[in-house]
Amino acid sequence: MAKTYIYDTKKFSLWYGSKQALKDIDLKIAANEVTAIIGPSGCGKSTYIKTLNRMVDLIPSVRTEGEIIYDGRDIFDKTIRVEELRTRVGMVFQKPNPFPKSIFENVVYGPRIHGVRNRSELEDIAERSLRAAALWDEVKDRLKDNAYSLSGGQQQRLCIARVLAVEPEVVLMDEPTSALDPLSTLKIEDLVQELKEKYTIVIVTHNMQQASRISDMTAFFLLGELIEFDNTEKIFRQPADKRTEDYITGRFG
Amino acid sequence: MLNSRSGNKRLDRRIILDRSIKIVFSFSVFIALGILTILLSSIIIQSIGWLDWQFLTSNLSINAQRAGIKGVITGTLLMMVILAPVTLILGVATAIFLEEYVRKGWFHSIVKINISNLSAVPSVIFGLLGLTIFSRLLGLGSSILAGALTMSLLILPIVVVSAQEAIKAVPGFLREASYAMGATKWTTIRKVVLPSALPGILTGSILGLSRAIGETAPLIVIGIPALILKMPQSIMDNFTALPVQIYYWTLDSVLVREYANLAAATIVVLLTMLLTLNVSAIILRSKFQRRY
């Protein structure tokens, strides 16, 4: 079965000032799959995922080379509007970052800023998104409560609901469970499995068990380079590169 | 075995030092509080019998028995009505620009240092600036508008710096969350940054306002007349404000002794206003404690 690719990264390099963080990355991300990116800290995995929705723009002195094709166009093309890109490519961060507003207002933030005014429409979106993020049953009676009254795991699922509310095509997750307890982590991992039916998911994780449990494809980054990219099973069973093997067997990292 | 007393000379010395330090510190507090008490009680005693309804609702008069500060309070309040929005809008806009739009670099540092310096400039200087620009150049004379704009210049640095601090205190992850949803910069500022920074901005602005209520020098420099006997009708009218009136009544108490009592009564009114403002700032701050 031929895969549809949603991202095509071609010889992509990135510098912070004079320090090179990504070197000649070539990587294709398939639609409706979970692509995991693993590697030791400082390997560029976070930088790479933040490039996919151009959040790296927020960091001054970033310079890029090469291209990342999304929907037929280079995302660094001058005519691309970054707001539109980020609407279609949502992001969940390492630390849950809900707004200090009510649960409801958090979920409808995206639809609101994109012009949805109708109250009942917003309520529909909120319910649909919270259900999709497996949070609805826990919060349906307290939608007006402040988001910070939720537990860390619930906050993170709220952040996922907030992303889903704008109906993106891709959901980027930057170590979404690193601040969570094992139970909440499990819930999010289950959720990721459900979400890939509708969305393409790219997840950065420093937890190799997590990568092997939930992803279809795994990319191993080291010192800004893509060392190996293959089926998750292949990567964890018979890695082609010695360095990948060393990393997943815990010899460094 | 532990010695209950003596035996350990060094420890004895340290304990004595420990106790005397406490006495020295509490003594400092007593000096500050003592002076404040003396000041307040002498003012309140002087104002007794003078601060009454008649005093608050009558116009100024040469006759101390009939004089009241209705016009003076009106002058101060009208000045506030112009001052507050002008300063808030200019101050917050400046702070947003500096914190959210300007790249941190030499321009940012220079502007920042200058603003901090401005907040230490004596108020007389701001009075001269107001006299030159608003009173003379723009021909506003010594109107309420001229006074308010001059005061606005005076407290702008305070408001800008406190608004900057409040904006800076909004965690970056909230901005990131908003940008990652496809929000523009302005949407992010309007819906995320400002709501979170608002309590801090308001607290700083209220403190700035209370400074403006109490300032005398700039108003005297732009030429507020010594005695005005009629109520201000519009913002273009000449006026007098509470601190200015206190100043003139105190000066003239050499001529008419009762003026000292009038000044004292006016001080009580002014202090009450200041206290109200400062308490509301404290309430605001504690009510909107951050919770992320």
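The values are calculated or read from the model by the stated rules, or taken from the named source; none is laboratory data. In this text the structure is predicted, and so the values were computed from the model without any measurement. Neighbour counts run over all protein chains shown; Cβ positions are idealised from the backbone, glycine included.
Data table
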| quantity | calculated |
| --- | --- |
| Residues of region A:60-105 satisfying the condition of being more than 14 Å from chain B (Cβ to nearest Cβ), surrounded by fewer than 16 Cβ atoms within 10 Å (Cβ to Cβ) and of a type in the set (Ser, Thr, Tyr) | A:Thr79 |
| Qualifying positions in region B:211-239 - at pLDDT 85 or above and not in a helix (DSSP H, G or I) | B:Glu215, B:Thr216, B:Ile222 |
| Conditions (1) in contact with a Ser or Thr (Cβ under 6 Å, 6 or more places away or on another chain); (2) surrounded by 19 or more Cβ atoms within 10 Å (Cβ to Cβ); (3) farther than 18 Å from B:Met151 by Cα: number failed by B:Leu284 | (2) |
| Among the residues listed as B:Ser210, B:Ser234, B:Ser178, B:Ser162, the single one being within 14 Å of chain A (Cβ to nearest Cβ) and at negative phi | B:Ser178 |
| Close pairs from region B:264-282: first within 15 Å of B:Leu36 (Cβ to Cβ), partner of a type outside the set (S, T, N, Q), Cβ under 6 Å, at least 6 apart | B:Ile267/B:Ile43; B:Ile267/B:Ile246; B:Val268/B:Leu51 |
| Of residues in region B:165-175 being surrounded by fewer than 21 Cβ atoms within 10 Å (Cβ to Cβ) and in contact with a helix residue (DSSP H, G or I) (Cβ under 7 Å, 6 or more places away or on another chain), the one nearest to the other protein chains (Cβ to nearest Cβ) | B:Leu174 |
| Number of the condition not met by A:Ile49 [criteria: (1) outside any strand (DSSP E or B); (2) touching a helix residue (DSSP H, G or I) at 6+ places or on another chain (Cβ under 7 Å); (3) not basic (Lys, Arg)] | (2) |
| Criterion violated by A:Gly115 - all others in (1) within 12 Å of another protein chain (Cβ to nearest Cβ); (2) small (Gly, Ala, Ser); (3) on the phi < 0 side of the Ramachandran plot satisfied | (3) |
| Residue in region A:122-133 that is out of contact with any Asp or Glu (no Cβ under 9 Å at 6 or more places or on another chain) and not in a helix (DSSP H, G or I) present | yes |
| Which listed residue is under 18 Å from the mean Cα position of the chain (by Cα) and within 14 Å of chain B (Cβ to nearest Cβ), from A:Leu27, A:Leu52 | A:Leu52 |
| Options B:Leu274, B:Leu262, B:Leu251; residue that is in contact with a Gly (Cβ under 7 Å, 6 or more places away or on another chain), outside any strand (DSSP E or B) and in the same structural domain as B:Gly223 (by TED's automatic domain parsing) | B:Leu274 |
| Verdict on A:Asp190 being over 18 Å from the mean Cα position of the chain (by Cα) and either of a type in the set (D, E, K, R) or surrounded by 18 or more Cβ atoms within 10 Å (Cβ to Cβ) (or both) | no |
| Number of the condition not met by A:His114 [criteria: (1) buried (at least 22 other Cβ atoms within 10 Å of the Cβ); (2) closer than 21 Å to B:Val193 by Cα; (3) out of contact with any Cys (no Cβ under 8 Å at 6 or more places or on another chain)] | (1) |
